[in-house]
Each structure stands twice: as C-alpha cells, then as structure tokens.
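Novice: Before I ask anything, here is the structure I am working with.
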Amino acid sequence: MEDAGVCNFLKDPLSINDLITGGTNFEINANFDEGFTNDIYDELNLGSDDEQEDDSKNCVDHSLLVSPWTKPFEELKQHMQQLNENIWKKITKAGDETEGVVPAVNARACIRYNAYWEGEGTPFDSTFLRGSSYSFYTGRNEVLQGLEDAVCTMHKGESAQFLISYNLLFREMGCPPRVKPKADGLFIIELVGYNLVGDIDAEQQIPEEDRDKYSVVIDKVKEIHLKGLDFFSQGMYRNACRAFEKALDLLKFSRLTSEEEEKEQSAFLLKLYTNLAVCYIKVNTPAKTCIMCKEIRHLTNNKPSCKALFQEGRALLMLGDYGKARSLLIKAQHMEPHNLDISAELKLLEERYKSYKESEKKLWTKAMGLIKSVDNEPANNTTDIDELEQEMLNLMTNFKDDTDQTKLKLPSGLTTKEIETLDNLAKRLDLKLTLNTLDSTQYIITKKT
C-alpha cells in the first residue's frame, strides 16, 4: 500500500520568475518506467522516441486478484519461512540471484503486488487491478514499513508471498472502518526491477581543497551519474542533462596522478558524453548532441561505436543536414546490418529528404519564375518586383527562424541578375550568400554567427 506522503517529481523544473510574472504550466511525473536498468542508459539507446505501449497491460486478469489463501494466517505461517518476528516469506518464483537484493537506502524499486486481509478473497490494494506497476525509493518512508522491508529481501525478477505483522502495517489501532485493529496482511509481490539512484548534490560533500583530486572526485561523479540515469528513466530529460553536465564538469577538470587514473577518467568521460548525446536528442537540442559526438570521436581516436554514429546521424537529420546524416547512418548500418532502429531512421531520413526537395523545388520554381518575368518587363514595372521580393523574403525568413536549418542551398545555374537579387535580400535579413566550396556552380545562404 502506498503511503499518503509520497512525493512526485515535476517533469521539468519551474522558473520562479515565470511564476511571479505571467504564470507557468507544469507536469507531474507520477509514472516510472517498468523494468528499468542502468545498462540501457549507459549504452546508447537506439530505440525510437515513439515508444509503443503494450495494450495487454491495461487488461486486468481477474484470476490474478483472487487470494491464494483464505484460511487463518496462523496456518499459512506453517508453509512459509520466518524472516524475523514480523515477516514470513514464501518464494513462488526465483529471481536473479547473481545480483544482490534491493538495497535498504538510495534505490528505486519497481513492483507489482496484491494485498489481502485475513480471511478475505479480494485485495484491499492492488497494482494489478490498476493495470500498472508502482515504484518507490527505499529509505524514505514512501510506503508502509512492512512492504518496504519485504521488498528489500527480494532479487530482481522474483515473486513471493509475504505475511506481514500489523506492527509494520497499521499498528495496533488500524484505520477503522477500512483497516481493523491489529490487522496482519498477506502481500503477493513481484519485483520488476530496481536501480541505485545516486545523489545529484554529491559534490557538496567534497572538501574545497580536494575538488580537483580525481581519487576523491570520481566516487561523487558516479553518484551524480546514477541520479542522472534515474532522471532519464523517469522521462525527466532536462534534469538528466543537468546531472550529466555536472558530473562531466567535475570529472574533466580533476587532477590525475597516474596512467591508470587517466584510463579510468577517459572511460567515464566516454560514458557521460554518450549519455548527454542521447539526452540532448530527447530535449530537442541536436547541435549539442553533435558536440558530444565530436568529443566521443576525440576519445576513441575517431573510431566511434555504432551507437554513437546512430545518435550523431539522428542529430544531423534533425538539423536538416541530410547528406551527412545518411552517411553516418549507413556506416552504423554496416556495423549492425540487422538493427531495426537504424533501418527505421534511414527510412525516416529518405521521407523527410524527399519532402524537403519537393518543397524546395516548388519554392525556387516560383521564385525563379518571378525573377525571369521581371527581366522581361519594362524597368518601371515594380509590381512583379514587389511580389518577387515578398516571396524571397518569406523563404529566407522561414530559413532564418528555423533553428534546425543551418544552410539553404540554392539551385545551380543562377544568372548574375538572380544572384544580385538574392544577395540584396540576404543582407536585409542579416544572412550571408556564399559560393558552395564543394560545388562551384551552386550558392548557399547561411546564418551569421
């Protein structure tokens, strides 16, 4: 049973200035991912942003709600192992014993459960009835003590029955009329998974004189990194970015004393750059992803992994650099030919590029047609000139306002008059018309830094 005092996180932090001035909207993140694991975040996650939900999770199997025991609890104890004076346990499905049980503090556990009172066949609380799992942090009194203590005896993937004394539930008084005095409870629990969660403010524990010492800093960097993974698993990507950035700043400027420390630092820097590359995609800042991928190339002697190539390709696709994006995605596909995510991204690229070229063709066909009509009209006819400038201004203004577009390619074979017209319009918008260094027959428009 969940404690009424559970705290939920906001999807993104609030700005005090926004609250004071014009107000702001916020979203509470109450649902955590199921089956989370650090591995999928340490390694670049190739999955699509559009995750498909399993509709079967929303269908309640009522057979799962029936209590496995309706006789007196004293008889049930004979079939269970006593863990302490308040908890009895029976494992119904073994978990992964290669990993430890859930830590009693600083872990986030994800469970499914039914809870029954003695002699009752239907649960008084059930995540199965709600069609979802439930996650909580250990060591923070977010759930009933008996439930937390039971979960902290379990391995990942384990299912078990627990008989929990009223001493660790609602005590002697109970909570009438719903909970009788001295009411023991039967809990059927499945541990979906758990993660260590770290500490976003771990660096505050470092003495000022030790803040540049790698041997001192690295443990705190790992704590902050774990918190970033925890934020990411909850879909709180901006918070995850801040955590990874903080860890990165601490680690980059730490003082090394041996080659071994240098190797360890490089390995963890690679992990942080990798995490940030993914997160920046999630928060729609692909240019930052490209910067992270550049750092990855530096650390790997220009031999990035397939996953790094994939993320850089995605970022370039978002920036509208279709040629480079295709090149990187094809390289990634050669490394992992059967990866469906890479194939899907290449398909998306082709669709966007085709749409882009069609739109570009229509715009330039109309614009160039207007230029030619102006050339054939008397010099004092300004109607078509005004129409031409407006069309071109609209095109260039849209390009300038589009933060994802870095350059606008013009069609080849432009006349001197056409180039002069486009150059004047570009200057009016503080844009720059230059000759394409890779193709002397083509001009491009770029944004001034």
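The values are calculated or read from the model by the stated rules, or taken from the named source; none is laboratory data. In this text, all values refer to a predicted model and were calculated from it rather than measured experimentally. All Cβ positions, glycine included, derive from the backbone under ideal geometry; neighbour counts span all protein chains shown. The protein model used for the area step is the full one, side chains on, heavy atoms only, and it has no ligands, DNA or RNA in it. Shrake-Rupley method; radii C 1.70, N 1.55, O 1.52, S 1.80 Å.
Novice: If you go through the stretch 83-97 one residue at a time, do you hit one that is of a type in the set (Asp, Glu), buried (at least 18 other Cβ atoms within 10 Å of the Cβ), modelled with pLDDT of 95 or more and out of contact with any Lys or Arg (no Cβ under 6 Å at 6 or more places or on another chain)?
Specialist: Within the stretch 83-97, not a single residue is of a type in the set (Asp, Glu), buried (at least 18 other Cβ atoms within 10 Å of the Cβ), modelled with pLDDT of 95 or more and out of contact with any Lys or Arg (no Cβ under 6 Å at 6 or more places or on another chain).
Novice: If you go through the stretch 314-342 one residue at a time, how many are of a type in the set (D, E, K, R), more than 10 Å from Pro286 (Cβ to Cβ) and under 20 Å from the mean Cα position of the chain (by Cα)?
Specialist: So the count comes out to 1.
Novice: Could you list all residues from the stretch 160-208 that are under 16 Å from Asp219 (Cα atoms) and either touching a Ser or Thr at 6+ places or on another chain (Cβ under 8 Å) or buried (at least 20 other Cβ atoms within 10 Å of the Cβ) (or both)?
Specialist: Of everything in the stretch 160-208, those that are under 16 Å from Asp219 (Cα atoms) and either touching a Ser or Thr at 6+ places or on another chain (Cβ under 8 Å) or buried (at least 20 other Cβ atoms within 10 Å of the Cβ) (or both) turn out to be Val197, Gly198, Ala202.
Novice: Same structure, new question: Among the residues of the stretch 282-308, how many are over 21 Å from Phe231 (Cβ atoms) and in contact (Cβ under 8 Å) with a residue 60 or more places away in the chain?
Specialist: Residues flagged as over 21 Å from Phe231 (Cβ atoms) and in contact (Cβ under 8 Å) with a residue 60 or more places away in the chain within the stretch 282-308 amount to 2.
Novice: Let me ask something additional. Filter the stretch 98-148 for residues that are touching a residue at least 24 places away in the same chain (Cβ under 8 Å), of a type in the set (Ser, Thr, Tyr) and open to solvent by 40 Å² or more (accessible area, probe 1.4 Å) and give the result.
Specialist: Listed by number, the residues that qualify are Thr122, Ser132.
Novice: Could you please find all residues in the stretch 298-340 being among the basic types (Lys, Arg) and surrounded by fewer than 16 Cβ atoms within 10 Å (Cβ to Cβ)?
Specialist: Lys303, Lys324
Novice: Ok, one more. Would you mind stating whether Ile419 is touching a Phe, Trp or Tyr at 6+ places or on another chain (Cβ under 7 Å), among the β-branched types (Val, Ile, Thr) and modelled with pLDDT of 80 or more?
Specialist: Answer is yes for this residue.
Novice: Let me spell it out: the conditions are (1) in contact with a Gly (Cβ under 6 Å, 6 or more places away or on another chain); (2) open to solvent by 10 Å² or more (accessible area, probe 1.4 Å), and Lys263 meets all of them except one. Which number is the exception?
Specialist: Checking Lys263 against (1) in contact with a Gly (Cβ under 6 Å, 6 or more places away or on another chain); (2) open to solvent by 10 Å² or more (accessible area, probe 1.4 Å), the one that fails is (1).
Novice: Looking only at the stretch 413-446, which residues are open to solvent by less than 40 Å² (accessible area, probe 1.4 Å), in contact (Cβ under 8 Å) with a residue 24 or more places away in the chain and not polar (S, T, N, Q)?
Specialist: Result: Leu414, Glu418, Ile419, Leu422, Leu425, Ala426, Leu429, Leu431, Ile444, Ile445.
Novice: Going through the stretch 114-161 one residue at a time, which ones are among the aromatic types (Phe, Trp, Tyr), part of a strand (DSSP E or B) and farther than 16 Å from Trp88 by Cα?
Specialist: Of everything in the stretch 114-161, those that are among the aromatic types (Phe, Trp, Tyr), part of a strand (DSSP E or B) and farther than 16 Å from Trp88 by Cα turn out to be Tyr134, Phe136, Tyr137.
Novice: Could you list all residues from the stretch 72-82 that are touching a strand residue (DSSP E or B) at 6+ places or on another chain (Cβ under 9 Å) and either among the polar types (S, T, N, Q) or crowded, with 17+ Cβ neighbours inside 10 Å (or both)?
Specialist: Phe73, Leu76, Met80, Gln81, Gln82
Novice: Which of (1) surrounded by fewer than 22 Cβ atoms within 10 Å (Cβ to Cβ); (2) within 30 Å of Thr403 (Cα to Cα); (3) at pLDDT below 95 is the odd one out, the single condition Lys213 does not satisfy?
Specialist: If we test Lys213 against (1) surrounded by fewer than 22 Cβ atoms within 10 Å (Cβ to Cβ); (2) within 30 Å of Thr403 (Cα to Cα); (3) at pLDDT below 95, just (2) comes out false.
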